[in-house]
Amino acid sequence: MKLYYLTYLFFYFGLKIMQSGWMVAWQVIKGSDGNNGTVIEYHTRIKRSWLLVLFFNLISMTPGALSLDLIKDDTVIEVHLLDVGEKENFLKIVAKIESLILKAA
């Protein structure tokens, strides 16, 4: 069953990277001035350090988001978003990725 979730995570993450890459490209084409960025905190349920590093890096590999720091005993990840309007969509995607990591581990 873990292999199923790992495979699902791989394809889901690949799809989201392609979608967010197009979103960032569209913002560049539109000539975005970059004033819509914000820093948010994401509270994670991941406790194992190697899974936390994996999750931290998966967030950073997604265009439009960058993991900045782990705070509060490694339970909160500070994330910079390129566009504050994408916050809710980002939170849904990250929650799904976190869930798949926990199921695959």
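The values are calculated or read from the model by the stated rules, or taken from the named source; none is laboratory data. All of these numbers come straight from a predicted model, not from anything done at the bench. Cβ coordinates were reconstructed from backbone atoms using ideal geometry, including for glycine residues, and neighbour counts include every protein chain displayed. To get the accessible areas, we keep the full protein, side chains included, count just its heavy atoms, and leave off ligands, DNA and RNA. Shrake-Rupley method; radii C 1.70, N 1.55, O 1.52, S 1.80 Å.
Summary of computed values
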| read-out | value |
| --- | --- |
| Filtered residue count, the range 80-105, keeping only those that are more than 28 Å from Tyr4 (Cβ to Cβ) and open to solvent by less than 40 Å² (accessible area, probe 1.4 Å) | 2 |
| Single residue of the range 26-64 satisfying the filter (open to solvent by less than 70 Å² (accessible area, probe 1.4 Å) and modelled with pLDDT under 85) that is nearest to the chain's Cα centre (by Cα) | Thr62 |
| For Ser67: the one exception among (1) open to solvent by 30 Å² or more (accessible area, probe 1.4 Å); (2) out of contact with any Lys or Arg (no Cβ under 8 Å at 6 or more places or on another chain); (3) closer than 17 Å to Leu54 by Cβ; (4) not aliphatic (A, V, I, L, M) | (1) |
| Test set (1) under 27 Å from Leu6 (Cβ atoms); (2) at pLDDT below 90; (3) part of a helix (DSSP H, G or I) - Asp74 fails condition number | (3) |
| Test: residue in the range 31-40 that is under 17 Å from Phe90 (Cβ atoms), in contact (Cβ under 8 Å) with a residue 24 or more places away in the chain, hydroxyl-bearing (Ser, Thr, Tyr) and in contact with a strand residue (DSSP E or B) (Cβ under 6 Å, 6 or more places away or on another chain) | yes |
